[in-house]
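What follows is a short report on a single structure.
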Amino acid sequence: MRLSTRIALAVGATVPVLVLATGWLLLRLVATDLHDEQDTHLRERATAVAKDARGLLRASAADRSAAVEQARERRLFTSALDVGVRLIGPEETFVGGPQPDEGVALPKSAAVPVTLRADGRSWRVLSTRVTGSRPGVRGTLWLFAPDTAGESQLRLVRRRVVTVALLAAPLSALLAGAVATRASRPLRRLRDRASGLDPRSNTARLEHVATRIAEVDDLAHTLQTVLTRYDEQAARTAEALATARSFASAASHELRTPLMSMQTNLEILTEHPELPGPDRDEVLGDLRREHARLLGLLVMLRELGRGDLVEADAFGRVDLADVVEASAQEQRRHHPLARISIDCAVGLRVHGWEPGLRVVVDNLLANALVHGCEDGRPAQVEITLRASGGSAVLVVDDRGPGIRPDQRSEVFQRFKRRPDSPGSGLGLTLVAQQIDLHRGRIRILNPPTGPGTRIEVTLPLINGSAGAEATLPLQRNWMITTAGRPQEFHREDS
């Protein structure tokens with residue numbers, strides 16, 4: 001059912017009720033006014049006939065002649081005009097004019113006019129005490145006014161109210177329908193514009209011009225917000241699907257080599273059970289290394305996928321010193337012979353994703369410990385965390401052979417590693433991904449003294465109590481290809 005039809009039906013049902021309610025109130029007011037008018041007339045008649053009523057009682061008490069008494073009685077009824085009179089004396093009752101039958105019980109007192117119903121008729125009744133100066137001159141004067149004129153007027157008003165209510169129902173419904181149809185025209189235009197939108201086939205979105213109708217403008221704003229959120233979610237879904245496809249492609253490509261190598265070693269063990277002990281141990285060692293590489297590659301791919309799909313609400317206040325200390329303790333357990341020195345300023349907090357920042361520090365330290373040793377000596381790694389302006393600067397130095405300047409732009413690419421490296425080639429890619437997510441900056445430099453590699457990471461600090469909210473990049477495709485933004489500052493050199 002259309003909105004205008006609903007409004008028309010509602011108005012058509014409501015208006016007669018309002019008319020009837022108003023008519024009932026009008027009837028009450030008219031009845032009150034008519035009774036007031038009759039009561040005023042009764043009081044005036046009571047004042048006018050009171051003197052004649054006392055004279056009639058005196059004549060009755062003094063046993064005057066019948067002629068005198070009849071004359072006073074006629075004078076009493078004449079002064080009453082159109083009002084019925086009943087004078088009840090100590091010994092005699094005088095009745096004249098229109099009034100209820102004498103058998104109808106009267107109220108005990110009616111100093112204020114009241115309504116009396118008898119034999120299907122209504123009367124307004126007023127009583128007053130009549131007393132004289134002589135003993136025995138006392139009685140009650142009753143005045144009666146028929147209520148027929150008031151009832152006829154009330155019936156007339158009642159009929160007109162009902163007539164108006166019956167006419168108001170269809171007329172108000174038609175008028176309300178016409179007004180509602182015109183008033184809902186902006187809503188229909190909004191419906192037509194919205195019904196022509198198909199997010200699956202085109203990128204056109206709802207264009208709305210303010211109509212100064214709050215409900216229509218609010219609905220248009222809500223629709224625009226919903227479509228915007230749909231676009232964002234559709235983009236994130238497409239990105240997630242592309243990431244999943246890339247994950248499957250990259251995983252199948254990179255896992256093929258270690259799996260084929262493991263298959264070859266397994267075939268050797270299966271087909272040559274008499275293989276000598278040293279050769280068998282060498283084959284088993286290869287299997288363990290390939291297995292470890294396989295697990296490491298899967299872990300790195302999983303972390304890349306997490307970084308591509310992380311949402312902004314996962315970010316919060318992170319103390320970088322705590323992250324560095326925890327990562328260094330973990331690496332000391334895995335590399336007990338290596339020397340790891342830490343110099344961290346406390347209280348450096350960033351708005352970040354703590355698991356992602358831990359990935360950054362873990363991979364920088366692991367890379368320095370694996371590639372930062374030379375001539376078989378234990379690796380020496382120095383970690384420094386300090387504040388510089390409005391940023392936190394994390395520096396990792398090693399004493400290894402270093403990275404040539406012409407190769408520094410390649411180390412952050414996926415699966416890029418040295419021929420003798422035991423890693424997966426994704427560690428520094430993960431670092432670059434997380435730095436990009438945190439709006440940071442990373443550089444590969446030469447150490448200030450001696451050979452080796454220095455990797456410097458810069459992240460924006462939280463300023464004051466409010467902090468700077470992180471805005472994630474709109475395109476995150478590290479699972480598909482290395483993002484372009486980190487490549488620009490990877491080439492920086494000192």
I want to check the label-to-label distance for L81 and H291. Put each point 7 Å from Cα in the C-beta direction and report it in nm to one decimal. 12.6
Could you tell me the calculated FRET efficiency between S341 and V283, based on Cβ-Cβ distance and R0 = 35 angstrom, to the nearest 0.05? 0.30
Among 273-280, 158-165, what's the highest-first ranking by average C-beta atoms within 10 angstrom per residue? 158-165, 273-280
With all protein chains present and a 1.4 Å probe, how do I383, I342 order by accessible area, largest first? I342, I383
Between A31 and E271, what length in nm is gained on full extension when 0.36 nm per residue of separation is reduced by their alpha carbon distance? 74.5 nm
Enter the accessible area of I442 (Å², nearest 10), with the probe set to 1.4 Å and all protein chains included. 0
With Cβ to Cβ distances under 12 Å as the rule, what net charge do the other residues near A165 carry (K, R +1; D, E -1)? +3
Amide H within-cut-off set for V130, under 5 Å, with H built and near neighbours excluded: G139, T140, L141
What is the spin-label model distance, in nm, from A21 to Q70 if the labels are put 7 Å beyond Cα along the C-beta direction? 6.3
As a test of reading the structure, rank H221, H438, H291, H351 by solvent-accessible area (1.4 Å probe, protein chains only), most first. H221, H291, H351, H438
With every protein chain kept in place and a 1.4 Å probe, region 5-89 has an accessible area per residue in Å² of 58
Full-extension gain between R182 and S409, please, as 0.36 nm times their residue separation minus the C-alpha to C-alpha distance. 75.0 nm
At a 1.4 Å probe, what is the % contribution of carbon and sulfur to the accessible area of region 72-171? 54
Counting only residues 5 or more apart in sequence or on a different chain, those whose built amide H sits under 5 Å from that of V310 are none
Normalised per residue, the volume of the convex hull around the Cα set of region 28-163 (Å³): 104
Between K51 and Q224, 0.36 nm times their residue separation minus their Cα-Cα distance comes to what? 53.3 nm
Quick check: pseudo-label points 7 Å beyond the Cα along Cα→Cβ at V162 and A242, how many nm apart are they? 7.7
Taking the Cβ-Cβ separation of R58 and E102 as r and a Förster radius of 30 Å, what is the calculated FRET efficiency to the nearest 0.05? 0.80
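The values are calculated or read from the model by the stated rules, or taken from the named source; none is laboratory data. Keep in mind the model is a prediction, meaning the values are calculated, not measured. Cβ: placed from backbone, ideal geometry, glycine included. Neighbour counts: every protein chain shown. Ligands, DNA and RNA are excluded from the accessible area calculation, which covers all protein heavy atoms including side chains. Shrake-Rupley method; radii C 1.70, N 1.55, O 1.52, S 1.80 Å.
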